[in-house]
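J.: The structure under discussion is supplied below as structure tokens; questions concerning it will follow.
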Amino acid sequence: MKFAHLADTHLGYRQFGLIEREKDFYEVFEKVIDKIIEENVDFVIHSGDLFETARPSPIALLTFQKGLLKLKGAGIPMYAIAGNHDIVMRNDSIPPQIIFKKLGLKVISPINTNYMHGDIFIAGLPFYPSSQLKNLKAKLDELSKKAANHEKSVLVLHQGIDKYFGYNYELEIGDLPDNFNYYALGHIHNYINDAFGKGRLVYPGSGEIWKTNELEDYAKNGKGFVVVDFEEPKPLIKRVKVDMPREFIKRSLDYNNLESGIAGIKDTIKDFDKKPILDLEIRNVESDTKGVYELINEELGDLALMIRPNFIMDDELDVEVIINDSQVGPKQILKEQLKAYDDEAVTNLAIDLYEYLSKDKLDESKDLIEQFYEEYYHTSVENIEEIEDETLLEEPENIQTKEVLE
């Protein structure tokens, strides 16, 4: 018995606002489906962030439908959870994966947490924000007890874990139950394959380059999915790489040798089938950034889909905010400042609110607050000021989440 494990396909993502990049994500997904069929697996697990948003475009939905039907035609079912991008954090909301249940997609949800595929127990949960840690840990404990009755088991989650995610995690490694044979994780876009519990813990990584900070891992591990062989006492993992339709070229150029640096890039990309994304750092620039940009654009503009220059002035000092010898951002600083209150639940709530409010997700923020008070104070929140966001579409009426999911 073997299965394919993938995650973070982000269908519908229009990176840098470019339609070409949206099409790249669709192309990669189609390649992944074809390779999965070639691997002759028994089933597929998708560990969340199937789509870029909880309201995917028609073409994103159609792309997934074609892939799902292709798998169905090959006799390969898919089990899936919702990631943070698939979920609108509002009460009674449902992820877009539900649309495909009648086409055979087996959705793992808080209501329907587990399936059996032959003798393999497959259990999981959708994404939970860190402010819902108490609820998440309780549900994981329930799944662990169920897994104890099975010789072979898989846990499917879309969460950041402290050991791999750095400062902004939702779970600590010790929060995971240790009696599963395979941990099918999503959320981290880099490839991770680690020993844990009775078997392996794997993040297969994103299907495409979602952010440029993934370039180092991409150079090392590529993008793709894994095939898991469950015949042995411990699962055997095979990495399956998928060629990207478009290359990202990251180069550092010196202002004093700019022409030769540009010539080297031009020679590299001139024969590419698709125009690449150029991520360029130009160091020791004196003052004429406009002139430098015009030269780069004149020489490389016709050969590149997009050029992203970063100018480093010759007298410019790199300034980093350091806490405990680590480079941090706004969420890390917020977490550090809240340490004085010594309340992990409040800290997690603050970070989640920062994440949603910074993206104008006002309804989601309101629901997070209501859930927090309901969980920790056992009282209804009746006097919270109603927040309305006219840019959000109305939720479908007369749809009870429980009825849809069951």
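J.: Which residues, counting only those in region 124-146, are part of a helix (DSSP H, G or I) and among the small types (Gly, Ala, Ser)?
T.: Once the filter is applied, which keeps residues that are part of a helix (DSSP H, G or I) and among the small types (Gly, Ala, Ser), region 124-146 yields Ser130, Ser131, Ala138, Ser144.
J.: Can you name the residue in region 173-195 that is assigned to a strand (DSSP E or B) and not charged (D, E, K, R) and is also farthest from Thr9 (Cα to Cα) among such residues?
T.: Ala195
J.: Residues of region 147-161 being surrounded by 14 or more Cβ atoms within 10 Å (Cβ to Cβ) and either within 14 Å of Ala184 (Cα to Cα) or not small (Gly, Ala, Ser) (or both), which ones?
T.: Matches in region 147-161: His150, Lys152, Ser153, Val154, Leu155, Val156, Leu157, His158, Gln159, Gly160, Ile161.
J.: I've got another one for you. Between a first residue in region 30-53 that is assigned by TED's automatic domain parsing to the domain that holds Ala82 and a second residue that is of a type in the set (Phe, Trp, Tyr) and assigned to a loop (DSSP other than H, G, I, E, B), which pairs have beta carbons less than 8 Å apart while being 6 or more apart in sequence or on different chains?
T.: Partner pairs satisfying both residue conditions: Gly48/Phe127; Glu52/Tyr13.
J.: Related question: Looking at region 50-68, can you tell me whether even one residue there is surrounded by 23 or more Cβ atoms within 10 Å (Cβ to Cβ), touching a strand residue (DSSP E or B) at 6+ places or on another chain (Cβ under 8 Å), modelled with pLDDT of 95 or more and outside any helix (DSSP H, G or I)?
T.: Checking region 50-68: at least one residue is surrounded by 23 or more Cβ atoms within 10 Å (Cβ to Cβ), touching a strand residue (DSSP E or B) at 6+ places or on another chain (Cβ under 8 Å), modelled with pLDDT of 95 or more and outside any helix (DSSP H, G or I).
J.: Only one residue in Lys66, Lys72 is under 26 Å from Tyr183 (Cα atoms) and either outside the structural domain of Asn114 (by TED's automatic domain parsing) or basic (Lys, Arg) (or both), so which one is that?
T.: Lys72
J.: For Ile111, state whether it is of a type in the set (A, V, I, L, M), surrounded by fewer than 19 Cβ atoms within 10 Å (Cβ to Cβ), assigned to a helix (DSSP H, G or I) and more than 20 Å from the chain's Cα centre (by Cα).
T.: Considered against the rule, which asks whether it is of a type in the set (A, V, I, L, M), surrounded by fewer than 19 Cβ atoms within 10 Å (Cβ to Cβ), assigned to a helix (DSSP H, G or I) and more than 20 Å from the chain's Cα centre (by Cα), Ile111 comes out as no.
J.: Within region 114-143, how many residues are among the β-branched types (Val, Ile, Thr) and surrounded by fewer than 22 Cβ atoms within 10 Å (Cβ to Cβ)?
T.: Within region 114-143, residues that are among the β-branched types (Val, Ile, Thr) and surrounded by fewer than 22 Cβ atoms within 10 Å (Cβ to Cβ) number 1.
J.: May I pose another question? Six or more apart or on different chains, Cβ under 8 Å: which pairs go from a residue in region 216-234 that's more than 25 Å from Phe180 (Cα to Cα) to one that's among the hydrophobic types (A, V, I, L, M, F, W, C) and in a strand (DSSP E or B)? Could you list them?
T.: Tyr218/Phe248
J.: Out of curiosity, is Lys274 part of a loop (DSSP other than H, G, I, E, B), more than 28 Å from Asn181 (Cα to Cα) and charged (D, E, K, R)?
T.: It is true that Lys274 is part of a loop (DSSP other than H, G, I, E, B), more than 28 Å from Asn181 (Cα to Cα) and charged (D, E, K, R).
J.: Would you confirm whether or not region 233-245 contains a residue that is more than 30 Å from Lys146 (Cα to Cα) and either among the acidic types (Asp, Glu) or assigned to a helix (DSSP H, G or I) (or both)?
T.: Yes, region 233-245 contains a residue that is more than 30 Å from Lys146 (Cα to Cα) and either among the acidic types (Asp, Glu) or assigned to a helix (DSSP H, G or I) (or both).
The values are calculated or read from the model by the stated rules, or taken from the named source; none is laboratory data. Remember, it's a predicted structure, so these values are computed and weren't measured experimentally. Glycine also receives a Cβ, built like all others from the backbone with ideal geometry; neighbour counts cover every protein chain displayed.
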